[in-house]
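*Asks:* One structure coming up, written as structure tokens, with questions to follow.
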Amino acid sequence: MSILAKHILRQHVGPFLFGFSIINLLFMLNLVFKELGRILSKGLEFWIILEFFALNIAWIVALAVPMAVLMACLMAFGQMSADNEIAAIKASGISLYRIVFPVLIASVILSLFLIWFNNNVLPDSNHRLRLLARDITMKKPTVNLEPGYLYQEIPNLAIRVGRLVEQENLSKIGEVFIQDKSNPAVYRTIIAERGEIFVNEKTGLFQITLFDGEIHEMNNEKLESYTRIQFPRHTITIPIPNMVLERSDSEYRGDREQSSGMMRKEVDNNNQLIQKRNQNLLTFIETQIYRYFPGLEMNPGKGDESKINAAAVALLPEKLKSSPRVPMNLAKQVRVHKNVLNRIKVDQEINHGYELTNNKLLVEIHKKYSIPFACIVFVLIGVPLGIMAKRGNMAVGGGISLMFFVIYWIFLIGGEELADRDMLSPFLSMWLANFVVGAFGIYLLILTVKEGSFINFDFFSRLISKRLRKTAHENS
């Protein structure tokens, strides 16, 4: 590797790590603000919470790397342009294409790494994350008593305490009132001067030990019967389902939990099912025709089984009427016509469901390659923008780069939605953003080589400086 290439790559390492860290931090903070309260309310162990956020890092990395490449190119080439390094290199007879070449090679390596990451690490992480999130949702919150309030989250039990002192693994309570609802026919209340509550989160058992209290029972069917029992010590043990986090496992994987190879295999299986249903449909149509009209020949053509649809079969009565070998029997024609149409309608709906599933799978397959390819696209955008913007206009260059990044994701998200609705091919939906933004990046790069300017950064810089001075003058 030449000295120049090493120097250019070294200029990118710091900005790339900085951008990657900032982007990860922003994604993680958003996740913490969104999920932490819900997770903490479940009373989970620290290691479970840590595992939940660690599993989210996988999809964050898949998105953060291309974004960090864009920031690194913008910052590195902006700094080199501001320090006149780009001008000095070009003055020595070295083309800008050669300056960009080491960064492109590095972006290709990053793209290959992300392709491997998206097919080997990300699916398993997404699968484990989905299972863990489901288990956390199923887990009930820990018992959270408040003095003076009736707590009714325990099955068949309502409890109110007047005093509460929390200790490690134990809660001391006073002025206890408990309503036992386990037997609807018996109204049972328990009062006690003091007691202790112990929740065993490993076994999911809720144990209440009461001291110096009374039990009052009244049978709703025998109102004349009333029981009052005094006790020095009384223990209530209640199993609470889902109090303990139970880790589940599942062999089922969604589209984002599979590698591209697994999804291609599923697509092939769905295509085979579609072909089989079309063959069965053709056999059904021929059977119906031969059953009632043995003199009529059905000849849909070789390999045209999938083209038999409702529109074609709608012409079936006309074919029957025009056939000289078939006696006119309108009742039979109507019956055959109706049976065939109903069968075709059902099969078409089922096949359409398979096709929509295939579209979603193909979108995810192409996404595993198109997003890593964005590393190369963002180099083509970031290099010319960085050179044009320079260090003094980093805010303008950053804003323009953010605009391109938003445009890229709008294409990506919109394309995915259109492909899922069968309005755009999965390939085009995932690669259109790369084609559009990449083509514009190549245009900017060629314009930069010719020392042209797509955006008048000096104008924006003067405008911003003028606005800031005006604001400062008004405030003073």
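*Asks:* Of everything in segment 343-384, what is among the basic types (Lys, Arg) and more than 19 Å from residue 281 (Cβ to Cβ)? Give them in sequence order. Quick ask: steps written out before the conclusion?
*Replies:* As a first pass, look at segment 343-384 and keep what is among the basic types (Lys, Arg): 343, 345, 360, 367-368.
360, 367, 368, listed by residue number.
*Asks:* Is there a residue in segment 111-125 that is of a type in the set (Ser, Thr, Tyr), under 30 Å from residue 384 (Cβ atoms) and in a loop (DSSP other than H, G, I, E, B)?
*Replies:* Quick first cut of segment 111-125, residues of a type in the set (Ser, Thr, Tyr) only: 111, 125.
Among the residues that remain, those that are also under 30 Å from residue 384 (Cβ atoms) are: 111.
Applying the additional criterion that residues be in a loop (DSSP other than H, G, I, E, B) yields none.
Checking segment 111-125: not a single residue is of a type in the set (Ser, Thr, Tyr), under 30 Å from residue 384 (Cβ atoms) and in a loop (DSSP other than H, G, I, E, B).
*Asks:* In segment 229-283, how many are assigned to a helix (DSSP H, G or I), of a type outside the set (Val, Ile, Thr) and either modelled with pLDDT of 90 or more or under 32 Å from the mean Cα position of the chain (by Cα) (or both)?
*Replies:* First, the residues of segment 229-283 that are assigned to a helix (DSSP H, G or I): 255-257, 260-283.
From what is left, the residues that are of a type outside the set (Val, Ile, Thr) are 255-257, 260-266, 268-273, 275-282.
Still in the running and either modelled with pLDDT of 90 or more or under 32 Å from the mean Cα position of the chain (by Cα) (or both): 255-257, 260-266, 268-273, 275.
Adding up the residues that qualify gives 17.
*Asks:* Tell me, yes or no, whether segment 380-397 has at least one residue that is under 17 Å from the mean Cα position of the chain (by Cα), in a helix (DSSP H, G or I) and modelled with pLDDT of 85 or more.
*Replies:* Within segment 380-397, not a single residue is under 17 Å from the mean Cα position of the chain (by Cα), in a helix (DSSP H, G or I) and modelled with pLDDT of 85 or more.
*Asks:* Further, regarding this structure: Could you check segment 56-112 and list, in sequence order, the residues that are over 16 Å from residue 9 (Cβ atoms) and of a type in the set (D, E, K, R)?
*Replies:* Selection gives 83, 90.
*Asks:* Moving on. Looking at segment 96-121, which of its residues are surrounded by 15 or more Cβ atoms within 10 Å (Cβ to Cβ) and of a type in the set (Phe, Trp, Tyr)?
*Replies:* Listed by number, the list holds a single entry, 117.
*Asks:* Please identify the pairs in which a residue from segment 226-251 that is farther than 16 Å from residue 198 by Cα and assigned by TED's automatic domain parsing to the domain that holds residue 182 has its Cβ atom under 6 Å from the Cβ atom of a residue that is part of a loop (DSSP other than H, G, I, E, B) and modelled with pLDDT of 80 or more, counting only partners at least 6 apart or on another chain.
*Replies:* Close Cβ pairs satisfying both conditions: none exist.
*Asks:* Further, regarding this structure: Go over the candidates 413, 376 one by one and state the one that is among the aliphatic types (A, V, I, L, M), more than 30 Å from residue 95 (Cα to Cα) and modelled with pLDDT of 85 or more. Walk me through how you get there before you give the answer.
*Replies:* Working: 376 fails: more than 30 Å from residue 95 (Cα to Cα).
On inspection, the qualifying residue turns out to be 413.
*Asks:* Taking residue 463 and the conditions (1) among the aliphatic types (A, V, I, L, M); (2) assigned to a helix (DSSP H, G or I); (3) modelled with pLDDT of 85 or more, which numbered condition does it fall short on, given that it satisfies the others?
*Replies:* Residue 463 satisfies all of (1) among the aliphatic types (A, V, I, L, M); (2) assigned to a helix (DSSP H, G or I); (3) modelled with pLDDT of 85 or more except (3).
*Asks:* Moving on. Say we look at segment 160-194 and pick out the residues that are acidic (Asp, Glu) and at pLDDT below 80; which of these is surrounded by the most Cβ atoms within 10 Å (Cβ to Cβ)?
*Replies:* Here the answer is 166.
*Asks:* Can you confirm whether segment 350-372 contains a residue that is buried (at least 23 other Cβ atoms within 10 Å of the Cβ), in contact with a Gly (Cβ under 7 Å, 6 or more places away or on another chain) and either at pLDDT 90 or above or not charged (D, E, K, R) (or both)?
*Replies:* No, that holds for no residue.
The values are calculated or read from the model by the stated rules, or taken from the named source; none is laboratory data. Keep in mind that what you see is a predicted model, and the values were worked out from it rather than measured. Here the Cβ is made from the backbone with ideal geometry for all residues, glycine too, and neighbour counts use every protein chain on show.
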